[in-house]
1. Tell me the residue from GLU41, GLU85, GLU58 that is out of contact with any Leu (no Cβ under 9 Å at 6 or more places or on another chain), among the charged types (D, E, K, R), within 16 Å of ligand 1 (Cβ to nearest atom) and under 21 Å from THR146 (Cβ atoms), please.
2. Which of the numbered conditions does THR109 fail, given that it passes all the others? Conditions: (1) without any contact (Cβ under 8 Å) to a residue 12 or more places away in the chain; (2) surrounded by 16 or more Cβ atoms within 10 Å (Cβ to Cβ).
3. Answer yes or no: is there a residue in the stretch 54-75 that is part of a helix (DSSP H, G or I), under 15 Å from the mean Cα position of the chain (by Cα) and under 24 Å from ALA160 (Cα atoms).
4. Quick one: in the stretch 115-133, of everything that is of a type in the set (A, V, I, L, M, F, W, C) and surrounded by fewer than 17 Cβ atoms within 10 Å (Cβ to Cβ), which residue is nearest to SER39 (Cα to Cα)?
5. Quick one: LEU11 ticks every box in (1) free of Cβ contacts under 8 Å to residues at least 40 places away in the same chain; (2) out of contact with any helix residue (DSSP H, G or I) (no Cβ under 7 Å at 6 or more places or on another chain); (3) within 16 Å of LEU120 (Cα to Cα) bar one, so which box is it?
6. Return yes when GLU41 is in a helix (DSSP H, G or I), modelled with pLDDT of 95 or more and within 16 Å of ligand 2 (Cβ to nearest atom) and no when it is not.
Amino acid sequence: MFEHFDTPQELFEYRLGSALSMEDDSLQMLGELESAARSPELKEMFRHHAGETRQQIENLHTVCAELGLSTDREPSQTTKGIAKESSSLLRKSADGLLDSVAVAAALGTEHYEIATYEALIAAAEGMGHPMVVNLLRANLDQEKHTSEELVAKAKQFAAAA
Ligand SMILES: [Fe+2]
Ligand SMILES: [Fe+2]
C-alpha cells in the first residue's frame, strides 16, 4: 500500500492495483446483477461480460508481469460505492423495475472502467510501453462495447415501461 507517490511509475503501479480491485468488484457485481435481472437476454449479457472480465484480470496480471510490478490490490472505493448503491436499489425495487436498475448499475461500473483504462493507457503511452497499451486497449474495447449494449437495453426497457 502506497502512502506517498513520488514518481509517475509509482502512481501507475497504484492505479493498476486499483484496476485489479475494480475488476474483482465488477466480476462480483455482474454475478449479482445476473441473479437479479429478469430478462434472459440481460442475464446472458452479464454472464458474457463476466467471462470477459476474467480475461481482463488476466490481462492486468500480464501487464504487471511485463513491467515487473506486483499484483497487489489497491483500494477501489468507486466500484465499492456503485455496488453498494446497486444492491440497495435492487432490494427496494419492484420486480418489474429490476432490469432497469441492473442496467443503470452496470453502466455506472462500465463508465468508471472506461475512465480508468483511458487514464492507464495515456500513462502507458507516455512511458513508452506498446505491449501494455495493447493489453489495456483490449480491456477498454470490451468495456466500451458493453456500455453501448447496456445503453441499447436501457432504451428498450424505458420504451417498454
Ligand atoms: Fe472490466
Ligand atoms: Fe466491464
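1. Details: GLU41 fails: within 16 Å of ligand 1 (Cβ to nearest atom); GLU85 fails: within 16 Å of ligand 1 (Cβ to nearest atom).
Criteria check complete, one pass: GLU58.
2. Of (1) without any contact (Cβ under 8 Å) to a residue 12 or more places away in the chain; (2) surrounded by 16 or more Cβ atoms within 10 Å (Cβ to Cβ), only one is false for THR109: (1).
3. No, the stretch 54-75 contains no residue that is part of a helix (DSSP H, G or I), under 15 Å from the mean Cα position of the chain (by Cα) and under 24 Å from ALA160 (Cα atoms).
4. Here is the first cut: in the stretch 115-133, the ones of a type in the set (A, V, I, L, M, F, W, C) are 115, 119-124, 127, 131-133.
Narrowing the set further to residues that are surrounded by fewer than 17 Cβ atoms within 10 Å (Cβ to Cβ) leaves 115, 119, 122, 127, 131.
On the way: ALA115: 28, ALA119: 34, ALA122: 37, MET127: 44, MET131: 38 Å.
Across the stretch 115-133, the extreme among qualifying residues is ALA115.
5. Condition not satisfied by LEU11: (1).
6. On the way: in a helix (DSSP H, G or I): yes; modelled with pLDDT of 95 or more: yes; within 16 Å of ligand 2 (Cβ to nearest atom): no.
Considered against the rule, which asks whether it is in a helix (DSSP H, G or I), modelled with pLDDT of 95 or more and within 16 Å of ligand 2 (Cβ to nearest atom), GLU41 comes out as no.
The values are calculated or read from the model by the stated rules, or taken from the named source; none is laboratory data. Not measured: the values here are computed from a predicted model. Glycine gets a Cβ as well: all are built from the backbone with ideal geometry, and neighbour counts include every protein chain shown.
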